[in-house]
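Q: Encoded as structure tokens, here's the structure I'll be asking about.
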Amino acid sequence: MWSMILSLSRHDYNQMLIWAERAYPEECCGLIWVKKNKMNHVDKLELTKNIALNPLKHFEIDPKPLFDANRKSRVSDDKLIGVFHSHPNGRAVPSKLDASNVVLGQIWIIIANNSMRGWLSDENGEIYDRFNSIIINIVN
Ligand SMILES: [Zn+2]
């Protein structure tokens, strides 16, 4: 099966593991940025506050940085392609709630067990009809 490949620097990969560990036992979350001319490579990660009522089980990105990010994505070469978050005691697979909250076309990275997996949301996805697995390629 065809699968999308997202490349990510070793530094950014390690950074997400560190953020997940620091937030433990709560979920950490943040935004994934690319450059317009290099849409398949993570250019920058932005850690945001998890404002969910129960951050032990859910995540919700702080609306203020999310609003600013959406605006910046519209007017600049920096493009917001999705979000990352951690599953402190779970697997790196989207939950049912993740599937009901995702915006179609977004790329999600889920961190669990000191590792991570990438997902692309799609109406005919293999997980809850919403997510297909993508390949994360770590580059230096
Ligand atoms: Zn989740």
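Q: Given the conditions (1) away from the ligand (no atom under 15 Å from the Cβ); (2) surrounded by 14 or more Cβ atoms within 10 Å (Cβ to Cβ); (3) acidic (Asp, Glu), report the number of the one that Glu123 does not fulfil.
A: Every listed condition holds for Glu123 apart from (2).
Q: Could you check the stretch 30-45 and list, in sequence order, the residues that are within 16 Å of the chain's Cα centre (by Cα) and either under 18 Å from Val102 (Cα atoms) or not charged (D, E, K, R) (or both)?
A: Gly30, Leu31, Ile32, Trp33, Val34, Met39, Asn40, His41, Val42, Leu45
Q: Being surrounded by fewer than 16 Cβ atoms within 10 Å (Cβ to Cβ), within 16 Å of the ligand (Cβ to nearest atom) and of a type in the set (A, V, I, L, M) is the filter here; which residues of the stretch 53-81 pass it?
A: Those that are surrounded by fewer than 16 Cβ atoms within 10 Å (Cβ to Cβ), within 16 Å of the ligand (Cβ to nearest atom) and of a type in the set (A, V, I, L, M): Leu53, Leu56.
Q: Picking from Asn89, Asn54, which residue would you name as being under 20 Å from Ser115 (Cα atoms) and more than 16 Å from the chain's Cα centre (by Cα)?
A: Asn89
Q: Inspect the stretch 10-21 for any residue being away from the ligand (no atom under 16 Å from the Cβ), over 13 Å from Val83 (Cβ atoms), within 16 Å of the chain's Cα centre (by Cα) and in a strand (DSSP E or B) and give the result as yes or no.
A: No, the stretch 10-21 has no match at all.
Q: Going residue by residue through the stretch 128-137, is there one that turns out to be in contact with a Lys or Arg (Cβ under 6 Å, 6 or more places away or on another chain) and either of a type in the set (A, V, I, L, M) or within 11 Å of the ligand (Cβ to nearest atom) (or both)?
A: Looking through the stretch 128-137, none of the residues is in contact with a Lys or Arg (Cβ under 6 Å, 6 or more places away or on another chain) and either of a type in the set (A, V, I, L, M) or within 11 Å of the ligand (Cβ to nearest atom) (or both).
Q: Further question: Can you find a residue that is over 29 Å from Asn140 (Cα atoms) and touching a Ser or Thr at 6+ places or on another chain (Cβ under 6 Å) anywhere in the stretch 5-28?
A: No, because not a single residue in the stretch 5-28 is over 29 Å from Asn140 (Cα atoms) and touching a Ser or Thr at 6+ places or on another chain (Cβ under 6 Å).
No value in this document is a laboratory result; all are computed from the given coordinates. From a predicted model like this one, the values you see are computed outputs, not experimental measurements. With ideal geometry, Cβ positions are generated from the backbone for all residues, glycine too; neighbour counts draw on all protein chains shown.
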